[in-house]
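Asks: Below: one structure in structure tokens.
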Amino acid sequence: MEGIVARLAEVLPSEQILQGEALKQQYYHIWRMHESLHALAYVMPTTTAELSSILAICNEWEQPVVVYGGRTNLVGSTETDSSELVISLEKMNAVLEVDASSRTITVQAGVILEEIQRQADNQDLLFPLNFGAKGSAQIGGIISTNAGGLRVLRFGMTRQLVLGLEAVKADGSIISSMKKIIKDNSAYDLKQLFIGSEGTLGIITKAVLKLVEKPISRCSAFVAVESYDNVVTLLKQADKMLGGTLSGFELIWGHTYNTMTSAPSLNKPPLPHGSPFYVLLESLGSDPAGDQLRIERLLANCIEVELITDAVVAASAADHTWFWNIREDVHVLVSQMIVDQHFDISLPVPLIGSVIQNIWKELQTIEDVRETHIFGHVADGNIHLMIGKTHNDSNLTEVINEIVYRPLQAIGGSISAEHGIGLHKKKYLSLCRSEAEISMMQLLKKSLDPKNILNRNKVLDL
């Protein structure tokens, strides 16, 4: 095995290769920084050409590799063993261009989401993708998992924001289509193969991303709701009355809201505890006074017809930060759990209330489950469950998985709305993908990576 590291040293400077004792300073997940990394070596290319050389060597040696971005994934995608080579894109972190005229930004894969947002903002533009890990998640990993987040309702998933892409295949060959155009119907859209494939078909190195004009106004409101049926009706009313400006519609179950806004959390509750559901709305528009008036009229009408029971509108930038910190600071939930298990399921919006209630009831019957926190992007059918349990025994994990995943098959749901499949979910992939679909995925994997070196054993079994 030392032979391949020596071979890699022929194409990379020594400071870009870590092995032995140096690996103890690395980690496989941002929440597990205290645990040393187990790997053959850890390499950090700085250019697409260097990555191409690395993969060509690995393909020749049939050396399995694991690709690292910001290491924020929740499905085991960055778990490794001592036989695998880690390729980290952390040094490929340049913003190559911000083109205000075409409303695009061109970046290397290692650029952090928050930096992309900042660069766009400097040009009075907006990169609308947004989620809690924006300060550490890298765009290559974001694209490879087709991440979602808080504004999918209006702007779509990551794949809707990618115009051009460059990637390196398993054999080291480079495929590049770094176009800025929105419409390109010239045969197959090959970039879509790499978006959402979790690094199993190729490693993304660069991207051209779509920007939009920066909104002039932002309105946020917290709303208390008594029933899930009323949540669905509120969504329809908000979409209708806010004139196309609705950009966020987050649902938090009452128990979860209580925990998110009680000590040790630093976030105070904008609305009193006690309601079954809380909705956090956001609108982005171009008329500050008119947009604020529209959201106030919406909430006043909803209170009048008893669709909602209480509401508070953000009156300042500090209020916006306060409201959205409550939703994004899920660490306060994790910090109170002995062991945590996460889910990001997707299901038809009208069925969420009853299906989640049944799942919650069944989880309550398990002695080793201490708490269940539920929240999510209800407007696009994506619900997150964070389950606290007394231990991490694999049997308990599988029992909980069955309770959460099994109902999804009959209703056309998905075991993953935005986190991906990775290592932890592949056993359940058949619940939301047909045998024919999985066979086609395996065919693609074998065609693009015949030696199965890229993220081996992740997503699919071959």
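Asks: Classify segment 52-158 from the C-alpha gyration tensor, please: rounded if a/c falls under 1.5, else prolate or oblate depending on whether a/b exceeds b/c.
Replies: prolate
Asks: Follow-up. Find the centroid of the Cα atoms in segment 421-462 and in segment 212-276, then give the distance between the two in whole Å.
Replies: Rounded to whole Å, the Cα centres lie 37 Å apart.
Asks: Just name one of Ala187, Pro128, Leu299: the one whose Cα is farthest towards the positive end of the charge dipole of the chain (beta-carbon charges, Lys/Arg +1, Asp/Glu -1).
Replies: Sorting the options by dipole projection puts first Ala187.
Asks: Using R₀ = 25 Å, calculate the FRET efficiency as 1/(1 + (r/R₀)^6) where r is the Cβ-Cβ separation of His273 and Glu114; round to 0.05.
Replies: Once the sixth-power term is evaluated, E becomes 0.20.
Asks: Over 21 Å between Cα atoms: which of Lys427/Lys458; Lys214/Lys236; Lys183/Lys206; Lys183/Lys210 fall into that group?
Replies: Lys214/Lys236
Asks: Something else: Compute the Kirkwood hydrodynamic radius of segment 135-263, taking the inverse of the mean of 1/r over all pairs of distinct Cα atoms, and give it in Å to one decimal.
Replies: 17.7 Å
Asks: Determine the share of the chain's accessible area contributed by carbon and sulfur atoms, expressed in whole percent, with a 1.4 angstrom probe.
Replies: Answer for the chain: carbon and sulfur cover 51 percent of the accessible area.
Asks: Could you work out the local net charge near Ser416, counting Lys and Arg as +1, Asp and Glu as -1, over the other residues with Cβ closer than 11 Å to its Cβ?
Replies: Net charge around Ser416: 0.
Asks: Oh, and also: Using only the Cα atoms of the chain, each taken as one equal point scatterer with no solvent, compute I(q) by the Debye sum, divide by I(0), and report log10 of the ratio at q = 0.06, 0.07, 0.08, 0.09 Å⁻¹.
Replies: Once normalised to I(0) and log-transformed, intensities are -0.27, -0.37, -0.49, -0.63.
Asks: Here's another thing I want to ask about it. Normalise the Cα radius of gyration of segment 1-122 by 2.2 N^0.38 Å (N = residues in it) and let me know the number.
Replies: 1.17
Asks: Tell me the net charge near Gly70. Cut-off is 12 Å between Cβ atoms, Gly70 excluded, with +1 for each Lys or Arg and -1 for each Asp or Glu.
Replies: -1
Asks: Given an 8 Å cut-off on Cα distances and at least 6 residues of separation, report the relative contact order of segment 81-232 as a percent.
Replies: The normalised contact order for segment 81-232 reaches 26 percent.
Asks: Please work out the C-alpha center-to-center distance from segment 129-156 to segment 161-196 and express it in whole Å.
Replies: Here the answer is 18 Å between Cα centres.
Asks: I need the shape label for segment 291-421. Rule: rounded when a/c is under 1.5, else prolate if a/b > b/c, else oblate, with a, b, c from the alpha carbon gyration tensor.
Replies: prolate
Asks: Evaluate the distance, in nm, between pseudo-label points positioned 7 Å from the Cα of Leu462 and of Tyr188 along their respective Cα→Cβ axes.
Replies: Distance between the two pseudo-spin positions: 1.6 nm.
Asks: Report the local net charge at Leu462: Lys and Arg +1, Asp and Glu -1, summed over other residues whose C-beta lies under 10 Å from its C-beta.
Replies: So the environment of Leu462 carries a net charge of +1.
Asks: Still on this structure, I have one more. Provide Rg over Rh for segment 98-143; use the alpha carbon set for both Rg and the Kirkwood Rh (inverse mean inverse pair distance).
Replies: Using Cα coordinates only, the ratio equals 0.95.
Asks: For the chain, build the charge dipole from Cβ charges (+1 Lys, Arg; -1 Asp, Glu) around the Cα centre, then report which of Leu234, Ala100, Thr47 sits farthest towards its positive end.
Replies: Ala100
Asks: Per 5 Å bin, what is the whole-percent P(r) computed from every C-alpha pair distance within segment 276-317?
Replies: The distribution over segment 276-317 is 5, 19, 31, 24, 13, 6, 1, given as percents.
Asks: I would also like to ask the following. Which three lengths, in whole Å and largest first, does segment 208-252 cover when its Cα atoms are put on their principal axes?
Replies: Here the spans come out as 42, 22, 16 Å, largest first.
Asks: Shifting gears a bit: Contact order normalised by length for the chain, with contacts defined as Cα pairs under 8 Å and 6 or more residues apart; what percent is it?
Replies: In percent, rounded to a whole number, it is 15.
Asks: Calculate the dipole size of the chain relative to its Cα centre from +1 charges on Lys and Arg beta carbons and -1 charges on Asp and Glu beta carbons; express the result in debye to the nearest 20.
Replies: 740 debye
Asks: Using alpha carbons only, how many angstrom separate the centre of segment 290-318 from the centre of segment 1-78?
Replies: 51 Å
Asks: Please give the per residue accessible area of the chain, computed with a probe of 1.4 Å over protein heavy atoms only, in Å².
Replies: I get 43 Å² per residue for this part.
Asks: Figure the gain on full extension for Glu367 and Val305 (residue separation times 0.36 nm, minus the Cα-Cα span) and round it to one decimal in nm.
Replies: 18.2 nm
Asks: In nanometres, what is the gap between the two model label sites at Gln160 and Gln19, each 7 Å from Cα along Cα-to-Cβ?
Replies: Between Gln160 and Gln19, the simple spin-label model gives 4.7 nm.
Asks: Further question on the same structure: Please work out whether segment 101-194 counts as rounded, prolate or oblate from its C-alpha gyration tensor, where a ≥ b ≥ c are the square roots of the eigenvalues and a/c under 1.5 means rounded, while otherwise a/b larger than b/c means prolate and anything else oblate?
Replies: It is prolate, given that a/c is not under 1.5 and a/b is the larger ratio.
Asks: Could you work out how far apart the two model spin labels at Asn392 and Val312 are, taking each label as a point 7 Å from the Cα in the direction of the beta carbon, and quote it in nm?
Replies: About 3.7 nm, to one decimal.
Asks: Mind grabbing the accessible area of Trp31 for me, 1.4 Å probe, Å², rounded to tens?
Replies: About 100 Å², rounded to the nearest 10.
Asks: Stokes-Einstein at 4 °C, 1.567 mPa s, Kirkwood radius from Cα pairs: D for segment 356-462 in µm² s⁻¹?
Replies: Value of D from the Cα-based Kirkwood radius: 83 µm²/s.
Asks: Over segment 79-120, with a single point scatterer placed on each C-alpha, what log10 of the ratio I(q)/I(0) does the Debye formula yield at q = 0.20 1/Å?
Replies: At q = 0.20 Å⁻¹ the computed log10 ratios are -0.65.
The values are calculated or read from the model by the stated rules, or taken from the named source; none is laboratory data. What you see is a predicted model; the values in this text were computed from it and never measured. Backbone-built Cβ (ideal geometry, glycine too); neighbour counts: all protein chains shown. Each accessible area value is taken on the protein alone, full model and side chains, heavy atoms only, with ligands, DNA and RNA left out. Shrake-Rupley method; radii C 1.70, N 1.55, O 1.52, S 1.80 Å.
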